[in-house]
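First up is the structure itself, then whatever we jot down about it.
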Amino acid sequence: MPVNIIRRPYNLSSCHFTPDTDPLLARIYNARGITSQDGLPRQLQQLNDYRQLKDIDKAAEILADAIIQQQRMLIVGDFDCDGATSSALGVLALRSMGGHADFLVPNRFEYGYGLTPEIVEAALSFQPEVLITVDNGISSITGVQAAKDKGMQVVVTDHHLAGRELPEADAIVNPNQPECPFPGKNTAGVGVIFYLMCALRTLLRSRGHFQKYAEPNLAELLDLVALGTVADVVKLDSNNRIMVFQGLARIRSGRCRPGITALIEVSGRNAEKLVASDLGFALGPRLNAAGRLDDMSIGIELLLCEDMNRARELALELDGLNRDRKAIEGSMQNQAMAELEQLRFDQETERPWGISLFQESWHQGVVGILASRVKEKLNRPVIAFAEADNPIGEAELKGSARSLQGLHMRDALDSIAREHPALIIKFGGHAMAAGLSIKKSNFEAFKAAFDLEVRKQLTADDLQSEIHTDGELMPGQMTMTTAFSLREGGPWGQSFPEPSFDGSFQIIQQKLVGEKHLKMVLKIPGSELWLDAIAFNIDNRQWPNPNIRKIKAVYKLDINEFRGQQNLQLLVEHLEPV
C-alpha cells in the first residue's frame, strides 16, 4: 500500500523557549503545538485541580464515611491494564488511609465488560457496603441498580464516554460525563481514581483522621498511574504527561511497586532508563495478557504484592501468558490477512471501507490486538469478532473495534444502532476504540451496515496511509547526544508522538535476523557516516534484497545497549526503494 510521508510543520518565530532548550527539541515541540516552556509542565503542583471534577466531593464523603465507620468497600475493575492499575491503586490508597478494601475483577469470558448484575451477585460474597467501580461503570445501568437493590452505596469512577442514560449511582466521577468542567478529558481510569484518592485524603485530613493514622504519600502510587495511562493509549495531554513523567521518575529512581520492578526485569528493560514506550510495549502487554487469556486477578495481585520473590513468580507467569497471546495473535492475523487477500479489486477504494472479521476459532481475548494490527496494515476501521461464551440463548459475537482519525468509532456504532435497533446488543467505548456484542446470525447484516456507515463518514483520501515525521536530520545531528536529548524530552505517547525522521540512505549491508527483522548498515549520501539500523517485523518475502541499494526510510534515533556498550541505532519504521 502506498504511503504518504508528511513532515510536521513548525514555526520557531512564534516560540519562547528557554535559551538552554535544544533547538531540535524546540522544533519538535512546536510541531506538536507547544510554543514555550509553559506548555511542558512536569511538576505535580501544575496538575489540574481535582475540585473541578463533578461529584468528586460527594464521592469523597461516601468513602470517608466508610473508612471512619469501618465499612467494607469493594472495587470492581476492568480486565485491562488500566483496570488493573486502577484496582490496585484504589485498594492500596484506601487501605493506607485505614479503610477495609478488596477488589473483584470480572473474568471477561464469564461476565463480560463492566458492572453487570451477575458481577453484583459475585460481589455479595465480599459483603460490601460500598461498591466502587474503576475504569468502568458509566454504562452499567442495570448493574448499578442491582447493587443499589442489594443495599450497597455505589461510587462510579470511569473515563469512558457516557451514553444517553446515566446509572443511578450515589456519585459518579468521570471527566467525560455531562456537565463536568474538569479540563482533563483524556484522563485514564487510573488517573480518575488517583484524583478521587487525593480528594479523599484532603477530606480525611480536615476531619482529623490522620491524628490516628499516618497520612499516606499518594505520590508513591504514580508508578501505577503512569503504567495505566500509557498502556490505555489515552492522549498524553499536558496533565497526563505530568503524571507519566512523575511516575517514570519514581520508577527510574527505584521507588516503585515490587510488581512493576518484576515486570521490568522479565521484560529485559533497564529501570534506570525506562521510558514511556517501555510501559506501552513491554510492561503493559504482559499485564494485559492476564485479562486476555486468563484472569486479571493475577495482574492485580502482582501490583499489590509486597514480596519481591512472589512478584517475580507472578511476573514470570504473566510473561508466559504473553508468549501464548503472541502465538494466538500471530495465527489469527495470518488467517485474517489470508481472508482479506481474497478481496482483490482493481481500485484500492473498492475494498470494504469498514472491515468486519470473524472466524469460529478466534480467541475472544485477542480480537482487540488483531483489529489493531489489521487497521495498521490496511489503514481502515476494523472490527474483529470472536464467539462469546453464551450457553443460554442465541449465540453471540463479541467485537473489538479500532478506528482512524476522522471516524469516531463509538458515535459510528451509535448511528448504526439508531438506524438498525435490533442489530447491536450493546456497545461502548471511545473515538478510536470500542467494544460491542451482536447476535451471531446478524454478522453479515452488521458487516454491511458498518461498511456503509464508514463510507458515509470518510473519504477516499482518509484511507490513504500517512506517516508524519519531524523532517530530516543532518549528519551532525546523528549522535548519541541527540538521541539522549530526544529520549529525555518526553514523555512521548499518544497525540504527543515520539520524534521520528525521514531521509534517503544507501544500504551498505543487510541481513535477516530472528527470521523477521532486517539488520542494516546505512550510509547518508554525500557523507562518510555509517549507521546501524534495524527494521522489525518486515515482510521477509521482500527483504533482504541485494538488488535494492538505495532506500527512503522513516526512523527514530535509538540507543542500543548490548553487553554494557551503548551505540547509536536507527529504528526503521518504514522503508521503500528509491
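The values are calculated or read from the model by the stated rules, or taken from the named source; none is laboratory data. Here the structure is a predicted model, which means the values were calculated and not measured. Cβ sites come from the backbone with ideal geometry, for glycine too, and all protein chains shown count toward neighbours. Ligands, DNA and RNA are stripped out before the accessible areas are found, and what is left, the full protein with its side chains, is counted by its heavy atoms. Shrake-Rupley method; radii C 1.70, N 1.55, O 1.52, S 1.80 Å.
Note on the range 456-499: residues that are of a type in the set (D, E) and in contact with a Gly (Cβ under 6 Å, 6 or more places away or on another chain) total 2.
Does E396 qualify as being touching a residue at least 40 places away in the same chain (Cβ under 8 Å) and surrounded by fewer than 22 Cβ atoms within 10 Å (Cβ to Cβ)? In short, yes. Scanning the range 427-456 for residues that are more than 17 Å from K398 (Cβ to Cβ), out of contact with any Phe, Trp or Tyr (no Cβ under 8 Å at 6 or more places or on another chain), crowded, with 17+ Cβ neighbours inside 10 Å and at pLDDT 95 or above gives A449, E453.
Residues considered: V134, V156, V130. Of these, the only one that is surrounded by 20 or more Cβ atoms within 10 Å (Cβ to Cβ), modelled with pLDDT of 95 or more and farther than 30 Å from A412 by Cβ is V130.
Scanning the range 137-153 for residues that are over 26 Å from the mean Cα position of the chain (by Cα), open to solvent by less than 10 Å² (accessible area, probe 1.4 Å) and either of a type in the set (G, A, S) or at pLDDT below 95 (or both) yields one hit, A147.
Of all the listed residues (R250, R241), the sole one being more than 23 Å from N176 (Cβ to Cβ) and among the basic types (K, R) is R250. Contact map, the range 539-559: residues that are within 17 Å of H517 (Cα to Cα) paired with residues that are surrounded by fewer than 11 Cβ atoms within 10 Å (Cβ to Cβ) and modelled with pLDDT under 95, Cβ distance under 7 Å, separation 6+ or inter-chain. Pairs shown: N540/E515. State whether one or more residues within the range 10-18 are of a type outside the set (A, V, I, L, M, F, W, C) and either touching a residue at least 24 places away in the same chain (Cβ under 8 Å) or open to solvent by less than 40 Å² (accessible area, probe 1.4 Å) (or both). Within the range 10-18, not a single residue is of a type outside the set (A, V, I, L, M, F, W, C) and either touching a residue at least 24 places away in the same chain (Cβ under 8 Å) or open to solvent by less than 40 Å² (accessible area, probe 1.4 Å) (or both).
Table: residues versus (1) closer than 12 Å to A412 by Cα; (2) of a type in the set (D, E).
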site: I438; (1), (2): no, no
site: A445; (1), (2): no, no
site: D451; (1), (2): yes, yes
site: V454; (1), (2): yes, no
site: L458; (1), (2): yes, no
site: D462; (1), (2): no, yes
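Evaluate the range 462-476: report whether one residue or more is of a type in the set (A, V, I, L, M, F, W, C), open to solvent by 70 Å² or more (accessible area, probe 1.4 Å) and more than 30 Å from E394 (Cα to Cα). Yes, there is a match, as at least one residue in the range 462-476 is of a type in the set (A, V, I, L, M, F, W, C), open to solvent by 70 Å² or more (accessible area, probe 1.4 Å) and more than 30 Å from E394 (Cα to Cα). Checked against the criterion of being touching a helix residue (DSSP H, G or I) at 6+ places or on another chain (Cβ under 8 Å), open to solvent by 20 Å² or more (accessible area, probe 1.4 Å) and of a type outside the set (D, E, K, R), the candidates L557, L568 yield just one match: L568. Considering only the range 179-190, I want to know if a residue exists there that is under 30 Å from Q127 (Cβ atoms) and out of contact with any helix residue (DSSP H, G or I) (no Cβ under 7 Å at 6 or more places or on another chain). No. Any chance the range 36-54 includes a residue that's of a type in the set (F, W, Y), in contact (Cβ under 8 Å) with a residue 40 or more places away in the chain and surrounded by 14 or more Cβ atoms within 10 Å (Cβ to Cβ)? Yes, the range 36-54 has at least one match.
In the range 518-548, what residues are assigned to a loop (DSSP other than H, G, I, E, B) and modelled with pLDDT of 95 or more? Passing the criteria: none in range. Only residues that are farther than 23 Å from N240 by Cα and either open to solvent by 10 Å² or more (accessible area, probe 1.4 Å) or not in a strand (DSSP E or B) (or both) were counted across the range 64-100, and they come to 15.
Only one of the numbered conditions (1) surrounded by 15 or more Cβ atoms within 10 Å (Cβ to Cβ); (2) under 16 Å from R95 (Cα atoms) is not met by V190, and that is (2). Looking only at the range 307-323, residues that are under 20 Å from the mean Cα position of the chain (by Cα) and either open to solvent by 50 Å² or more (accessible area, probe 1.4 Å) or farther than 17 Å from G284 by Cβ (or both) come to 1 in all.
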